[in-house]
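Okay, so here's the structure we're looking at.
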Amino acid sequence: MSSYSALVVPTRLTQPVHIRLIALDQKAVQRIASGGVRRLAGTDWHVYLDSHYLDGHAIRPATNPRAEVLIREAGIDLAGTIQGTALFLGRDGLGGKCDVPRHLIRLAEQLFNLPLAA
């Protein structure tokens, strides 16, 4: 099981943006692969967004304006809004996962005026 430092941007504005060590085990990978999570990719990072299901039907999670601003400022042109808690990870040269890039953490610190320990 691999563990990575991730930047977490919750949907609720009362919850802080933070860095968290996450373990991506087989169950987490299966959830991502089965469509339980949406994914957007930047040049050296990707973000996973919650996609909730109830009785096999997708439920639209709450909008996430902080994640939307961060994604746009990081260079992704979005057509719509972002929903759900956002989990930012790095992407290595082979397309695999790695720790969230430092430049993305710095951008989040500037946008949200808060220090994040990496």
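For region 72-118, with all protein chains present and a 1.4 Å probe, just round the carbon and sulfur fraction of the accessible area to a whole percent.
Details: 1300 of 2650 Å².
Roughly 49 percent, rounded to a whole number.
Site pair Ala41 and Tyr4 shows an inter-label distance of 1.1 nm when each label is modelled 7 Å from Cα along Cα→Cβ. Of the peptides 81-87, 109-115, 95-101, the order by per-residue mean of other Cβ atoms within 10 Å, starting with the highest, comes out as 81-87, 95-101, 109-115.
With the highest mean first, a sort of the peptides 68-74, 17-23 on other beta-carbon atoms found within 10 angstrom per residue produces 68-74, 17-23. Extending 7 Å from Cα along the Cβ direction at Arg102 and again at Thr81 yields two label points whose distance is 3.6 nm.
The values are calculated or read from the model by the stated rules, or taken from the named source; none is laboratory data. Note that the structure is a prediction, hence the values are computed from the model and not measured. Neighbour counts run over all protein chains shown; Cβ positions are idealised from the backbone, glycine included. When the accessible area is computed, the model is the full protein with side chains, heavy atoms only, and any ligands, DNA or RNA have been set aside. Shrake-Rupley method; radii C 1.70, N 1.55, O 1.52, S 1.80 Å.
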